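Right, one structure below, let's go through it.
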Amino acid sequence: MSDKPVSVLFVCLGNICRSPLAEAALREAAEAAGLNIEIDSAGTGNWHVGKGPDPRSCAAALRHGIDISAYRARQVSPDDFLRFDRIVALDARNLADLRQLAPPGGKARLSLLLDHVPGLEGRDVEDPYYGGLDGFETTWSQVSAAARNLVAELAGR
Ligand code: 4NP
């Protein structure tokens, strides 16, 4: 195993609702496990570049003790496929868009976030942007379950 920490990028559409919560959940799970992981998130779209997370995502994270208000949205780029070991898409559309963007020779292994949660394989983390507050709680429970399993998987790599 190399000394370089494993790196994980979460990608959703806007990088203001779901992937910032996935980033926060993995930061927390990695810290709890004492595992050094380089973690970031990005969006396939560019509408919210430079903006903070949706206030409903900030509130959901705070309910679980994590302040994500300083996160800033960015758009995924072809370079990310060279930089990150893993790129985890929040839904199937994001995964398809990532496959289109992947440059030849990229090292990143792509996966769907809920493929890391037994029983939810193949499912999308539904976009809570247009829905109610309970959607953000569902997002949190899904991304935190995936984060715990990713930590276990990466600790044994
Ligand atoms: P996210 O949610 O992909 O979970 O960050 C969205 C946020 C904004 C938009 C779409 C999805 N939007 O169309 O502006």
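Table for the structure above
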item: Condition met for residue 109 (more than 16 Å from residue 23 (Cα to Cα), in contact with a strand residue (DSSP E or B) (Cβ under 6 Å, 6 or more places away or on another chain), open to solvent by 20 Å² or more (accessible area, probe 1.4 Å) and more than 12 Å from the ligand (Cβ to nearest atom)); result: yes
item: Count of the stretch 10-38 residues which are within 12 Å of the chain's Cα centre (by Cα), more than 14 Å from the ligand (Cβ to nearest atom) and buried (at least 20 other Cβ atoms within 10 Å of the Cβ); result: 1
item: Residues within the stretch 72-93 that are part of a strand (DSSP E or B) and either closer than 14 Å to residue 107 by Cα or open to solvent by less than 40 Å² (accessible area, probe 1.4 Å) (or both), tallied; result: 4
item: Hits in the stretch 118-152 (condition: in contact with a helix residue (DSSP H, G or I) (Cβ under 7 Å, 6 or more places away or on another chain), among the acidic types (Asp, Glu) and exposed (fewer than 13 other Cβ atoms within 10 Å of the Cβ)); result: 121
item: Test: residue in the stretch 94-102 that is open to solvent by less than 30 Å² (accessible area, probe 1.4 Å) and either aromatic (Phe, Trp, Tyr) or not in a helix (DSSP H, G or I) (or both); result: no
item: Search result, residues across the stretch 123-134 that are free of Cβ contacts under 8 Å to residues at least 12 places away in the same chain and closer than 17 Å to residue 93 by Cβ; result: 123, 130, 131
item: For residue 68: the one exception among (1) more than 10 Å from the ligand (Cβ to nearest atom); (2) part of a loop (DSSP other than H, G, I, E, B); (3) open to solvent by 10 Å² or more (accessible area, probe 1.4 Å); result: (3)
item: Boolean, residue 73 is within 16 Å of the ligand (Cβ to nearest atom) and under 25 Å from residue 153 (Cβ atoms); result: no
item: Among residues of the stretch 43-65, those that are out of contact with any Pro (no Cβ under 7 Å at 6 or more places or on another chain), under 22 Å from residue 92 (Cα atoms) and part of a loop (DSSP other than H, G, I, E, B), counted; result: 7
item: Conditions (1) within 14 Å of the ligand (Cβ to nearest atom); (2) touching a helix residue (DSSP H, G or I) at 6+ places or on another chain (Cβ under 9 Å); (3) in a helix (DSSP H, G or I); (4) not aliphatic (A, V, I, L, M); number of the one not met by residue 115; result: (1)
item: Cβ pairs under 9 Å, 6+ apart, first in the stretch 50-78 and at positive phi, second modelled with pLDDT of 95 or more; result: 50/72; 50/73; 50/74; 65/28
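The values are calculated or read from the model by the stated rules, or taken from the named source; none is laboratory data. Keep in mind that what you see is a predicted model, and the values were worked out from it rather than measured. Please note: Cβ atoms are built from the backbone with ideal geometry, for glycine as well, and neighbour counts cover all protein chains shown. All accessible areas refer to the heavy atoms of the entire protein, side chains included, with ligands and DNA or RNA removed. Shrake-Rupley method; radii C 1.70, N 1.55, O 1.52, S 1.80 Å.
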